[in-house]
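This report refers to the structure that appears directly beneath it.
The values are calculated or read from the model by the stated rules, or taken from the named source; none is laboratory data. Keep in mind that what you see is a predicted model, and the values were worked out from it rather than measured. Don't worry about glycine lacking a Cβ; one is built from the backbone with ideal geometry, like all the others, and counts go over all protein chains shown.
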Amino acid sequence: MHLDHTHTGPGAVSADAHRPDGTRRALRIGLGGPVGSGKTATVAALCRALRTELSLAVVTNDIYTREDADFLLREAVLPPERIAAVETGACPHTAIRDDISANLEAVEDLEDAVGPLDLILVESGGDNLTATFSKGLVDAQIFVIDVAGGDDIPRKGGPGVTTADLLVVNKTDLAPHVGSDLARMAADAKAQRAELPVVFQSLRGEAGVTEVAAWVRGKLGAWRA
Amino acid sequence: MGAGEAGRVAGVRVATGGAAGVRAGDGGAEAEGTDAGVAQAEGAAGITDTGTPSVPTTVSDRPASPATVPDRPASSATASGRQAPHATAPTGAPAPTGVRARARLHARPDGRGGTALPVLEGEGPLAPRRTRGSGDAARVMLVGAMSGPLGGDRFGVEVHVAGGARLHVGSVAATLALPGQSGGEAHYDVRLDVADGGELRWLPEQLISVCGSDLRVATRVEVAPGGRLVLREEQVLGRTGESPGRLSSRLTVRVGGRPLLDQELACGPGAPGGWDGPAVLAGHRAVGQLLLVRPEFAEHPATARMLGECAALMPLAGPAVLVSAVATDALRLREVLDEALALLG
Amino acid sequence: MVRAAGAPMSRAALLVLADGRFPAGGHAHSGGAEAAVKAGRVTSAATLEEFCRGRLHTVGRVAAALAAAAALGIDPAELDAAADARTPSPALRATARRLGRQLLRAARACWPSPELDALAAAFPKGAHQPVVLGLTARSAGLGPEDAAHCAAYESVGGPTTATVRLLSLDPFEATAVLARLAPELDAVVEAAVAAARRAVLDGTDALPAASGPLLEIGAEGHAAWPVRLFAS
């Protein structure tokens, strides 16, 4: 029997902003999007950009266990104890939306083990355009698509493109090579998302993840306010 | 079917000695529970208060005669003071028809750095013999004076190891569960008790569930927090090419009064469904467990690992490790358990 | 120690608790099916049925009895120790606690009760799932039969949906497996509840201890795989 600490009160309910000891928990930001759009690369870049100023950790949801977690470990963007992998039983969207139990356990265990934390990034397994994060799991979500996946994705919409707090159109450096029309993507995104922000980025470019990192800092400021 | 035929199990030593031949389970009628038989069995109990090897002087065969005394009421046995230790029939009911037999072993330090056996008794088919031990440990072999248990039999073995004593118990041959003339279940109850500072190595040969038999084994073990135990149990489902009998075997182990391990395996005709399917045995005909309880495991638990495809070494939720294995036959099962024992020292 | 049951009986609560969509983490677990599929022991609806039947009569029976015992109010710490003793595989003990912790979160949101709070305080890393399930049923006003039914059904429902994903099995065939097992499931529940009632008087040794050696061994092998679809 484990009696090392207690875990009572409203902390057991998922979206509560406080930890069992009454302190404010870390901000949780989800990153979703189709396979190969650059979620893991964006997470790695965010870790490099923010790790000196923030205490952060990452939860990955792999379709096939540990691929993304292993990538982050190889890239050494964070110490291994700050990266947790969740197995999703071949249903990555279930693990971030319908039954978030395992992910909640992972974020809480990270806070217990290496906390206090400012920020936890929860990366979904690559899925389709309908996958979104439950509000019980994350406080804000980023949906990552890329120009090579077709410049009609913003026009097609879907819950990820339409409702995510931030839409990232990744790999803009590839646009000329794959014949994607960035202006059209921007216009379609604007039509789908109204005032919600969109960032066009190339992680190979000079700016890299700067704009997304700035958006994350803004969210963190609001969370702490 | 005599016990002589029982040798058709790969790598298993099967008793054929002495009385085994008279236990013709499928043959002549059983003679059980006669006053004479009980008297002989009681006479067999040898008690010694020394550390020297002691063998019961008249470990008796069960009556070989096919004559039966079927209707002896239990009350007469009670009146004569000869009711068997495990008999449970209420007064006035017909006596159970099987043999009741019990063996008891007590080990304690002999005061000279060795282990004495102040109690070393057996009766009927259960005959413990002290053999040459090694170092400060006493060694006892259970000699299968008969080939039972047959249906309706009720055997019991009790072992107590006191603090500072070391006892190693083996058996000279595999135990055969056989069908009995009278039918019904046979019971084999084992009680092991290891005190603080005591050590018991309980390493009997296999139990073979012969076609048509029906045996319920219950092994209950109490280990004090500072006690040490090595326990092996192996079940072989039928002799070679034979379908198994009904067997259920439960192993319950407590350490310091707290549950450590509680496992029951039921197989054979009439067992709950799926016992031979992909979740339980999947066609394997030998299944076994090796349990080691040591105080040191509390501080330094073993690391879980696979031992091939069909065996795993598993630290338990207590100061112990269990090796669980299934195999195609008794020989391969023993190989993997021996390998594990060597690994764990 | 036995306490009286809490909330009044609600049969519909059983449907909520038994729903496969109940968010308690089960979807990521195969109940040993992934290991059995990889070993070539489960390849079809027929072999899935034998796998599930074996599970039902071993770990399913034990889980049903533990859940019924918890629903009857037997001390959860005693039941948790009994569950430990009936689970030699450390991988399966860890899984049972993880699922217990995840179920407890959902349970406290759905049927808050002081007993569930106390369980969370005593087992911050999770108690064995069937124990939590029984206490959840109790907090929902359900009885030991309901708790045992949930546990027994979970013991076969989880592997079945997992096998549909692992083998691309026809979902109708797979669900028919569950339907065929229903009468046996009822019988297992009846025996499990009877054992749980005996345990109220005689202690947890009265609970069944049926085991599936290949489930335990397979779980240890599975836990060591570098790559897998399911957490267990």
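Tabulated data
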| read-out | value |
| --- | --- |
| Test for C:His222: is it within 13 Å of chain A (Cβ to nearest Cβ) and at pLDDT 95 or above | yes |
| Check on B:Arg285, of a type in the set (D, E, K, R) and surrounded by fewer than 24 Cβ atoms within 10 Å (Cβ to Cβ) | no |
| Only one of C:Leu14, C:Leu72 that is surrounded by fewer than 24 Cβ atoms within 10 Å (Cβ to Cβ), in contact with a Pro (Cβ under 9 Å, 6 or more places away or on another chain), away from chain B (no Cβ under 12 Å) and under 15 Å from C:Asp146 (Cβ atoms) | C:Leu72 |
| Candidates C:Leu169, C:Leu229, filtered to the one that is within 22 Å of C:Gly40 (Cβ to Cβ), outside any helix (DSSP H, G or I) and more than 10 Å from every other protein chain (Cβ to nearest Cβ) | C:Leu169 |
| Test result for C:Asp205, farther than 19 Å from A:Thr88 by Cβ, in a helix (DSSP H, G or I) and more than 11 Å from every other protein chain (Cβ to nearest Cβ) | no |
| Test: C:Gly134 is in contact (Cβ under 8 Å) with a residue 60 or more places away in the chain, closer than 20 Å to C:Gly31 by Cα and assigned to a helix (DSSP H, G or I) | yes |
| Criterion (more than 14 Å from chain A (Cβ to nearest Cβ), within 18 Å of the chain's Cα centre (by Cα) and not in a loop (DSSP other than H, G, I, E, B)) met by exactly one of C:Ala196, C:Ala174 | C:Ala196 |
| Subset tally (residues that are among the polar types (S, T, N, Q) and in contact with a strand residue (DSSP E or B) (Cβ under 6 Å, 6 or more places away or on another chain)) for the range C:8-60 | 1 |
| Single residue of B:Gly308, B:Gly268, B:Gly274 found to be within 11 Å of chain C (Cβ to nearest Cβ) and surrounded by 22 or more Cβ atoms within 10 Å (Cβ to Cβ) | B:Gly274 |
| Qualifying position, being farther than 30 Å from A:Gly125 by Cα and within 13 Å of chain B (Cβ to nearest Cβ), among C:Glu50, C:Glu115, C:Glu34 | C:Glu50 |
| Filter pass, B:Leu251 being closer than 24 Å to B:Ala342 by Cα and either of a type in the set (Phe, Trp, Tyr) or at pLDDT 95 or above (or both) | yes |
| Qualifying residue in the range C:75-98 (condition: over 17 Å from the mean Cα position of the chain (by Cα), of a type in the set (D, E, K, R) and crowded, with 21+ Cβ neighbours inside 10 Å) | no |
| Unmet requirement for B:Gln206, which otherwise passes all of (1) in contact with a Leu (Cβ under 9 Å, 6 or more places away or on another chain); (2) without any contact (Cβ under 8 Å) to a residue 24 or more places away in the chain | (2) |
| Meets criteria (in a strand (DSSP E or B) and either closer than 16 Å to C:Ile217 by Cα or facing chain C (nearest Cβ under 8 Å) (or both)) for B:Val336 | no |
| Subset of the range A:176-225 (residues that are farther than 20 Å from A:Asp139 by Cα, in contact (Cβ under 8 Å) with a residue 12 or more places away in the chain, surrounded by fewer than 18 Cβ atoms within 10 Å (Cβ to Cβ) and of a type in the set (D, E, K, R)) | A:Asp181, A:Arg184, A:Arg204 |
| Output for the range B:225-265, where each listed residue is within 13 Å of chain C (Cβ to nearest Cβ), free of Cβ contacts under 8 Å to residues at least 40 places away in the same chain and surrounded by fewer than 21 Cβ atoms within 10 Å (Cβ to Cβ) | B:Arg250, B:Thr252, B:Arg254, B:Gly256, B:Gly257, B:Glu264 |
| Verdict on B:Pro278 being within 21 Å of B:Arg191 (Cα to Cα), free of Cβ contacts under 8 Å to residues at least 12 places away in the same chain and out of contact with any Pro (no Cβ under 8 Å at 6 or more places or on another chain) | no |
| Within the range A:81-96, considering residues that are under 24 Å from C:Leu17 (Cβ atoms) and more than 10 Å from chain C (Cβ to nearest Cβ), the one surrounded by the fewest Cβ atoms within 10 Å (Cβ to Cβ) | A:His93 |
| All positions within the range B:154-178 that are surrounded by 20 or more Cβ atoms within 10 Å (Cβ to Cβ), more than 10 Å from the chain's Cα centre (by Cα) and modelled with pLDDT under 95 | B:Arg154, B:Ala173, B:Leu176, B:Ala177, B:Leu178 |
| Helices (runs of 4 or more DSSP H) fully within the range C:1-108 counting 1 or more residues that are farther than 21 Å from C:Glu220 by Cα | C:11-18, C:45-55, C:61-71, C:76-85 |
